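The values are calculated or read from the model by the stated rules, or taken from the named source; none is laboratory data. Since the model is a prediction, treat every value here as computed from it, not as a measurement. Using ideal geometry, Cβ is built from the backbone for each residue, glycine included, and neighbour counts are taken over all protein chains shown. Ligands, DNA and RNA are excluded from the accessible area calculation, which covers all protein heavy atoms including side chains. Shrake-Rupley method; radii C 1.70, N 1.55, O 1.52, S 1.80 Å.
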Amino acid sequence: MKILIGTNNSHKVREVRQILETELPGKFDLLTPANVFDDEIDVEETGLTLDKNAFLKADEFFSKSGIPCFADDTGLEINALDGHPGV
């Protein structure tokens, strides 16, 4: 099954590929945006939460490719800084 990871971050791609190949060997053909699109897609992260931004990215990549897709969004939230810098 083909699946698209909605990120342009090569480090995230490597980590996801390693996890999938270890946990579910041979189940997925992991594609990256570079495999699918001629130009880089930059999704505006307007969500107020990390979950919402991940959804925005997955939705955009899926709508443009038609390939099942997932994405993540990571942020740095520091308790001593009242959760900043945050999303």
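Descriptive notes on the structure:
- Count of the stretch 17-28 residues, restricted to those that are open to solvent by 100 Å² or more (accessible area, probe 1.4 Å) and in contact with a Phe, Trp or Tyr (Cβ under 7 Å, 6 or more places away or on another chain), is 0.
- Filtering the stretch 43-63 to residues that are surrounded by fewer than 16 Cβ atoms within 10 Å (Cβ to Cβ) and touching a residue at least 24 places away in the same chain (Cβ under 8 Å) leaves GLU45, GLY47, LEU48, THR49.
- Within the stretch 64-87, considering residues that are polar (S, T, N, Q) and without any contact (Cβ under 8 Å) to a residue 40 or more places away in the chain, the one nearest to ILE41 (Cα to Cα): THR74
- Qualifying positions in the stretch 1-12 - under 20 Å from GLY66 (Cβ atoms) and surrounded by 14 or more Cβ atoms within 10 Å (Cβ to Cβ): ILE3, LEU4, ILE5, GLY6, THR7, ASN8
- Residue tally, condition among the aliphatic types (A, V, I, L, M) and at pLDDT 90 or above, over the stretch 44-67: 4
- Taking (1) on the phi > 0 side of the Ramachandran plot; (2) modelled with pLDDT of 90 or more in turn, ARG14 satisfies each apart from (1).
- Enumeration of residues in the stretch 64-83 that are more than 30 Å from ASP38 (Cβ to Cβ) and surrounded by 12 or more Cβ atoms within 10 Å (Cβ to Cβ): GLU77, GLY83
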